[in-house]
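A.B. asks: The structure that follows is given in the form of structure tokens.
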Amino acid sequence: MTNTPASISTRKHQPHCVDKLREVAKQNSQRAFIARGANAERCPCCLMASFACFCDQRTLQTSPVNFTLLFHYTEIHKPTNSGRLIADLFPEQTKAFIWSRTTPDDELLNHLDNFKGRNIILFPDTEKRIELNKDLERPSSLETPINVIILDATWRLASKMLHQSRWLDDIPTFAISDDAQRSFKVRHAKHDNQFATAEVVAMLLAQANAETQSAALANYYRVFNDHSMWSRKRRDTPT
Ligand SMILES: [Zn+2]
């Protein structure tokens, strides 16, 4: 771990899909979006205060599955958002879009069409989905090149995104099993909070027998979490 502050003028990594989407969202925003701590000097890649930059911890991985991140528009600018960590580690296999209830992006619909029959939505079982018979016990094989759709928002918003989007109705939902959650907690999550998006994806990777990538994402999330706290509290060293 290095304590060398990053200069805001130099990027340590090429912008990926989430970085580009954030820029477009910023430009399209009608009102200036002031993220918490927006005045602090931030690293343009990892969005931490420059003294808490953790860009040197980013190691590119290859995932056996593809990811499509659907951001609620309030989430894309948050430095605390963990969905972007997926694009950090798997930039070649990740696409990102802003969610729309009624008018999803054409590029998004084409992308989903390319994976027709191989799309799944990573989401806990809900009564409505079970009623629709759209919950999957387990995808026939998580190792075939499937596309995992991730609704990146708070729990309440993500649920709204899923249930209000008619264009997602035909895509099955896949929930991480209680056993897999328990096993992940023993190995990686030393907290009782709700799992973060990056952690849920790490669990999915473990279920797809991609243990190396799963551990890489779980560890990267832990580093991100420590550095987020450090960035906010202005501590001398991460906790
Ligand atoms: Zn950084």
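A.B. asks: For the stretch 1-19, name all the residues that are β-branched (V, I, T) and modelled with pLDDT of 55 or more.
C.D. replies: Answer for the stretch 1-19, where residues must be β-branched (V, I, T) and modelled with pLDDT of 55 or more: T10, V18.
A.B. asks: Within the stretch 20-36, is there a residue that is at pLDDT below 95, within 16 Å of the ligand (Cβ to nearest atom) and under 28 Å from T173 (Cα atoms)?
C.D. replies: Yes.
A.B. asks: Give the residues of the stretch 43-89 that are more than 16 Å from the ligand (Cβ to nearest atom), in a loop (DSSP other than H, G, I, E, B) and within 11 Å of the chain's Cα centre (by Cα), sorted by residue number.
C.D. replies: The answer is E75, I76, G83.
A.B. asks: Looking for whichever is more than 18 Å from N119 (Cα to Cα), part of a loop (DSSP other than H, G, I, E, B) and either modelled with pLDDT under 95 or within 19 Å of the chain's Cα centre (by Cα) (or both) here; the options are D226, D236, D179. Which one fits?
C.D. replies: When all the criteria are applied, what remains is D236.
The values are calculated or read from the model by the stated rules, or taken from the named source; none is laboratory data. Remember, predicted model here, so these are calculated numbers, not experimental data. Cβ: placed from backbone, ideal geometry, glycine included. Neighbour counts: every protein chain shown.
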